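Notes to accompany the following structure.
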Amino acid sequence: MDSSSTIILICLMLLKWQAYGQEDSSHLSLTNVETQFLTFDMAQYGPDGGVFSSPNFPNYYPQNTILFYQFTASPNYRVQIEIDSFHIRGVTPQCTHDYLDVFINVTSFDFAHNTINDQLLHRYCGRNKPPLLVSFTNLLLLGFFTEDTQTERGFNGSFRFIPAQPYRNNLKREPCDYIFNSSISKRGEFFSSTYPGTYLPWQFCNYSFIGLPSERIHIRFRDLIIFKTPNTQHCAVDLIKLYDNTLDPPELRRFLSSFRHVNNQEHHVVSEQIDQHHITDLCGTYTLPLDVYSTSNHLLLYFIATHYAELTDDEQSQVNDFSGPLWRKGFYAEYEFLSSLTKLDFVTKNKSNQYLSGTECDQTIKSFGQGHGKLQSPNWPQPYKPQTSCTTYLLGLDDRYTLENVEIEFDHFDIDCSLASLVIYNASRIYDYRLRTRPQSVSSSSVSTTVKKSSLFSNYYRQELDFKANLSFCGHFKPEGRFVSQNALLKLSFIPNDRSGNNVLPSIITGGKFQASYKFVKSYHQVSADEYDGINPTICNLSYYQSRTLYGKFEPPRSSENDYFANSNCTFNFYPLNDNSRKFEPPRSSENDYFANSNCTFNFYPLNDNSRLLIWYDYFNIADDDLIQCSSDNLTYTYNLYSSSSVYLHPFIYCGYRNFPSPFLTIRSTEHFHVHFRSNDDSEAGLGFEGRYQFLNQSSQYFSSFCRSPFDSVVYINETIEPSGNISSNGYPENIICEWSYVTTRGYQFMLELNILQIEGSKTKDPPQGCQSSILRIYSEGRIDELCGQQETIYYFVTDSNWFTIQFISLNRQTKEALRGFLLYWTVIQTKMNITNNQCLLSDEYFYCKKTSNSTISNFCIHKSLLCDDHVHCQPLSNDDEHPSNCFLSTPTRSKYSLPMSSSSSFLQQHLILIIIIFVLCITMLCIALILIFLLIKMKRRQQDINLPKQIKINKQKQHRRRQKQRQNQQDNLSLRKKSVQTYLDDDEDNNHDLISINMMEQAVTTV
């Protein structure tokens, strides 16, 4: 090489180095680096080639090296290189230190020409070794560059020379325009232009297949690795586009125009237009072998490779895995022209049945609300080839309006087990519900893989379902029972036993055949219930019986996105136990031929008046902006009573996110209870609700001795003896249900005063929370009040009749906040309608409460025994009953208004006067006894005071006599003195006895 060529080479290398970001000023000037060349010629090494390596391998390669490896094959051969070991200093993709450049599209080793015009395949460094390389021509070039710093061990590999003829078969125009004609060859193979090596960027290769008019084309990919951008679903960089029944599709022309810099408006048109000839796009990797079929005698495969996209370190690590989906290996495939392929006549020409483009005989059968039909094997009623693999996808509705499952039942079945089998995926076998158990013998051979058992459909199908990943059948007898899909898709595949074999062409052996009936069943049956509507299975009408299940869940049918359906009309019917409950059970039926618009009902039925139904909610999300009217989507209650044939509507309507309906306990004599769920056709939807129900009897754990239960008798109130009282929750306990039912004489009413209300929940907050765990419910004639939360003002309420019922339900509390529960006062009153000329009917016994406030409550009268009892009964009208001027009007006084009025206190109230008289007599007798004892003690002390002076005078007289006699006789005096002393001592002893008696009397008084 002359000096001018060397200068040009050095300049070009500097430009190339700068283009790849190598601008380090510390690099040594290349004018001082000697460029070296190693040549590997086929004439010297032969077709088997040899080995090559970096300098000094396996030791460290030298610094400041520029070394080119030139591989030259004969004109009819190509070069193939495989790197075994690779370790070059640097980090991909920058490779700023040492690197190896690979050129596989080299037309000449004239560097002044090729370094500018030939494409660089890729630059490698670090441990990211190049994959298998195949040259596009008979030349291949490697460039090894190092700098004057630290080095590594380098690389080594092998090379050989392979024939170029297989790459030129059926090649009509360079570089890669191929035409395969049936008249020339019925079968063969083809591959990407440098397979099995890395394909070149910026390729647009055409593979056209032309058969005879009666032929179809079959392509089987044996190897396929096309670059696909990580974490994407579409083919954005490199891809294979397949077209059926055309060799010049308009969609492909529009697609290719994007690489010729057309205007943006045309780009927009391309993306929106869909070509009916387009089969699919391929990129990444697939499970092999991958088969593609045409419907006619024309098929086009177009391979597009663009550029090497820069990858992240994680993506690059995936590239290092040769078997990974990122690398650009290309493809290898076989083709054949066949007139014996399955005819597509069995695919019904309608909107429900559709052939899947690119398959031999796959089809989809969509519901479109049609409901049912027949499924037949290809070439029915004649057998078809067992090596033909056909799959049928039955697709039920799965949208915001409904979700369907698929049922199939075989009418005819005859498949030789030595040739093929029929596989049903993600389904469960169901038998006639009257059998209740699995038949002892099965006619056909069956192999299955278990996924999981499910009770979703158990009540509907009368048996537990066992869904399998696949159920495989073959033999000469049809499989027993029916098969139901786990979701809206049921897949059936006819699979030959040697499908995964290496034979390119399917044999022409006669196979089997089958015919089955299918139908689409609305997924209302996925909702657990005791009974479904057997008369009209198109409606959502579900029933729950206490005679079957004491507790459970209920929820609306949902789509696969877990939202409830639009235009839903579902009713849940609950039946507590009663003697006539069985007449409400709908007839059982498993025939569900087709479905109209959704119309669902959930029904609940108790046994008798000794049974109640409790309903509450774990989750609630019914979408509606109007939380008062709930005009869009809502939940309502209705119920029937034994005493009437009318249907009663619960006056509350529920909707909103977490605006929970309150726990609900049915009232006395409820025969049926219904929960109605409705949704409209707007775009708003939610998860709906998850409700729970439980049928309760008298022994339920929710009923406590601390309060009256719903099964206790009604309390009769005597308006004269017990004109007032109170009811309280005794704190705020959990998991308790209380119910008080009071009635008084006709013509009287009740004034209710809710003095304290502190329980969980709120209906007034923004947004409202509802009453999920606790509720205080007040029933009266023509009115129901539901209260929860914390009330700051006193709530007054006058009943319209002579009765009321209080329900207090407290389930599992959501918080541990210290709350007081509730306290409610009640008073029997006469209202204005029963008052004449502002006088009470019984004016001697009743007090007229005059209105002095702006209250909407009418004037009324209260019993005079309530006057001045330290509680205002005339509120909210006035405080007249506690005014001192009215206290003299009071009839026999009542005790202070503090003790709860109950059945146990009614006896005390009825005998209060007698009890008071007895008590007063006892106190009087005790006082008299104390007075008598006191007088007796006083008299005893007074007598002692009188006797004491007399004794002192006697003692003085005795002493005087002794002085007179002292002189007479000393001994006599001494004896007299002793005698006197003895007498004195005796007197003192008598006095002590008197004092002891007095002390004993005082102790007796103290004891009394």
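List of remarks:
Conditions tested, residue by residue: (1) among the charged types (D, E, K, R); (2) modelled with pLDDT of 90 or more.
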| site | (1), (2) |
| --- | --- |
| 625 | yes, no |
| 638 | no, yes |
| 652 | no, yes |
| 662 | no, yes |
| 671 | yes, no |
| 674 | no, yes |
| 683 | no, no |
| 688 | no, no |
| 694 | no, yes |
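- Residues satisfying the criterion are present in the stretch 848-856 (criterion: modelled with pLDDT of 85 or more, over 23 Å from residue 743 (Cβ atoms) and assigned by the TED database to the domain that holds residue 721).
- Exactly one residue out of 128, 76, 59, 105 is more than 60 Å from the chain's Cα centre (by Cα) and either open to solvent by less than 50 Å² (accessible area, probe 1.4 Å) or more than 30 Å from residue 165 (Cβ to Cβ) (or both): that is 59.
- Flag if residue 760 is touching a residue at least 60 places away in the same chain (Cβ under 8 Å) and either under 43 Å from the mean Cα position of the chain (by Cα) or outside any strand (DSSP E or B) (or both): no
- Of all residue pairs spaced 6 or more apart or on separate chains, those with beta-carbon atoms under 8 Å, a first member in the stretch 839-859 that is touching a residue at least 60 places away in the same chain (Cβ under 8 Å) and a second member that is open to solvent by 70 Å² or more (accessible area, probe 1.4 Å) and not in a loop (DSSP other than H, G, I, E, B) are 858/832; 858/833.
- Within the stretch 332-355, restricting attention to residues that are of a type in the set (A, V, I, L, M) and at pLDDT 85 or above, the residue that is least open to solvent (accessible area, probe 1.4 Å) is 333.
- Any hit, the stretch 466-485, residues being basic (Lys, Arg), surrounded by fewer than 14 Cβ atoms within 10 Å (Cβ to Cβ) and modelled with pLDDT under 85: no
- So residue 664, is it open to solvent by less than 10 Å² (accessible area, probe 1.4 Å) and of a type outside the set (Ser, Thr, Tyr): yes
- Any hit, the stretch 895-907, residues being surrounded by 18 or more Cβ atoms within 10 Å (Cβ to Cβ), assigned to a strand (DSSP E or B) and either out of contact with any Leu (no Cβ under 9 Å at 6 or more places or on another chain) or modelled with pLDDT of 85 or more (or both): no
- Residue check for residue 393: out of contact with any helix residue (DSSP H, G or I) (no Cβ under 7 Å at 6 or more places or on another chain) and modelled with pLDDT under 85: no
- The single condition from (1) over 30 Å from residue 771 (Cα atoms); (2) out of contact with any helix residue (DSSP H, G or I) (no Cβ under 8 Å at 6 or more places or on another chain); (3) free of Cβ contacts under 8 Å to residues at least 60 places away in the same chain that residue 830 fails is (3).
- Filter result for residue 648 (farther than 24 Å from residue 743 by Cβ, among the aromatic types (Phe, Trp, Tyr) and open to solvent by 20 Å² or more (accessible area, probe 1.4 Å)): no
- Count of the stretch 726-757 residues which are outside any loop (DSSP other than H, G, I, E, B) and at positive phi: 0
- Applying the criterion of at least 2 residues that are modelled with pLDDT of 75 or more to the strands (runs of 3 or more DSSP E) found wholly in the stretch 506-608 leaves 513-522, 540-545, 551-554, 569-575.
- Residue ID - nearest to the chain's Cα centre (by Cα), chosen from residues in the stretch 720-744 that are among the hydrophobic types (A, V, I, L, M, F, W, C), under 18 Å from residue 665 (Cβ atoms) and open to solvent by 10 Å² or more (accessible area, probe 1.4 Å): 736
- Residue match in the stretch 125-142 (condition: within 24 Å of residue 55 (Cβ to Cβ), among the aromatic types (Phe, Trp, Tyr) and either assigned by the TED database to the domain that holds residue 66 or at pLDDT 90 or above (or both)): no
- Matching residues, the stretch 768-784, being charged (D, E, K, R) and open to solvent by 20 Å² or more (accessible area, probe 1.4 Å): 781, 783
- Neighbours by Cβ (under 7 Å, 6+ apart or cross-chain): first from the stretch 702-722, hydrophobic (A, V, I, L, M, F, W, C); second assigned to a loop (DSSP other than H, G, I, E, B): 703/709; 706/730; 707/730; 711/610; 711/698; 717/744
- From the options 927, 868, residue that is at pLDDT 85 or above and either surrounded by 12 or more Cβ atoms within 10 Å (Cβ to Cβ) or small (Gly, Ala, Ser) (or both): 868
- Single unsatisfied condition, residue 329 versus (1) under 26 Å from residue 104 (Cβ atoms); (2) buried (at least 19 other Cβ atoms within 10 Å of the Cβ); (3) at pLDDT below 85: (3)
- Subset of the stretch 183-223 (residues that are under 21 Å from residue 122 (Cβ atoms) and open to solvent by less than 30 Å² (accessible area, probe 1.4 Å)): 191, 192, 193, 194, 197, 198, 199, 200, 201, 203, 205, 223
- Test for residue 709: is it open to solvent by less than 20 Å² (accessible area, probe 1.4 Å), polar (S, T, N, Q) and assigned to a loop (DSSP other than H, G, I, E, B): yes
- Condition broken by residue 667, with the remaining ones in (1) over 24 Å from the mean Cα position of the chain (by Cα); (2) at pLDDT below 90; (3) over 24 Å from residue 760 (Cβ atoms); (4) aliphatic (A, V, I, L, M) satisfied: (3)
- Taking the criterion of being open to solvent by 10 Å² or more (accessible area, probe 1.4 Å) and modelled with pLDDT of 90 or more, the residues of the stretch 224-244 that qualify are 225, 244.
The values are calculated or read from the model by the stated rules, or taken from the named source; none is laboratory data. Here the structure is a predicted model, which means the values were calculated and not measured. We place every Cβ from the backbone using ideal geometry, glycine too, and count neighbours over all the protein chains shown. Just so you know, the surface numbers come from the protein's heavy atoms only, side chains and all, with ligands and any DNA or RNA stripped out. Shrake-Rupley method; radii C 1.70, N 1.55, O 1.52, S 1.80 Å.
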